[in-house]
Amino acid sequence: MAEKDTSLPWPVLRQFLGKDLLGRGKAARSRRTEEIEPRTSTADRVARSVCPYCAVGCGQKIFVKDDKVVQIEGDPDSPVNRGRLCPKGSASKNLVTSELRETRVRYRRPYGTEWEDLDLDTAMEMVVDRVLKTRRETWQEFDDKGHRVRRTMGIASLGGATLDNEENYLIKKLFTAMGAVQIENQARI
């Protein structure tokens, strides 16, 4: 009898009549198991990313089919996690595919009690207006001793731990160009 023959109904028969005497290989596999294929094998493409949760920065492989995320796994090429993910990282597919995920810009006016939806362009214009207003109102050309400082103390940046070097470089350049001096990143591990 061939080792991959699953026509015998009971695994124990396949085990004793085949070459898999310990029952750890083909003898233990059912017909249904033979027909199953991994979710990752049908993906159109694979994108690499960084886990969004903690400061470790584990690498992830995101499997996409028909422009939808079908699976997220640890990236074995990542020197940080070598393909392994913690329970939160392993469940990050739900973060991007959950029907409870907000995909709209939500805004609650000062002293308001209700949320309203804004289009992205409106929300971006509001951010720009507030940044420019804050910079204008808190700009310092000279300090108390008369030294030229050209800065604003009203804007600061605290970067997240999952930002890579390139993103941190761009954030530093942007905030420095705006005159901010309090620019920090929490990636200290």
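Things worth noting here:
- Close pairs from segment 101-116: first among the charged types (D, E, K, R), partner open to solvent by 100 Å² or more (accessible area, probe 1.4 Å), Cβ under 6 Å, at least 6 apart: R106/W115; R108/W115
- Residue in segment 65-76 that is under 13 Å from the mean Cα position of the chain (by Cα), part of a strand (DSSP E or B) and surrounded by fewer than 16 Cβ atoms within 10 Å (Cβ to Cβ) present: no
- When K93, K26 are checked against the criterion of being surrounded by 14 or more Cβ atoms within 10 Å (Cβ to Cβ), farther than 30 Å from T162 by Cα and free of Cβ contacts under 8 Å to residues at least 60 places away in the same chain, a single residue qualifies: K26.
- For segment 154-172, the count of residues that are in contact with a Ser or Thr (Cβ under 7 Å, 6 or more places away or on another chain), at pLDDT below 95 and either hydrophobic (A, V, I, L, M, F, W, C) or not assigned by the TED database to the domain that holds V80 (or both) is nonzero.
- Whichever residue in segment 148-160 is in contact (Cβ under 8 Å) with a residue 24 or more places away in the chain and crowded, with 16+ Cβ neighbours inside 10 Å and, among such residues, is farthest from C54 (Cα to Cα): R151
- Enumeration of residues in segment 178-187 that are among the hydrophobic types (A, V, I, L, M, F, W, C) and either open to solvent by less than 70 Å² (accessible area, probe 1.4 Å) or over 12 Å from I155 (Cα atoms) (or both): M178, A180, I183, A187
The values are calculated or read from the model by the stated rules, or taken from the named source; none is laboratory data. Remember, predicted model here, so these are calculated numbers, not experimental data. For neighbour counting, all protein chains shown are included, and Cβ atoms are generated from backbone atoms with ideal geometry for every residue, glycine included. These area figures cover heavy atoms from the full protein model, side chains too; ligands, DNA and RNA do not enter into them. Shrake-Rupley method; radii C 1.70, N 1.55, O 1.52, S 1.80 Å.
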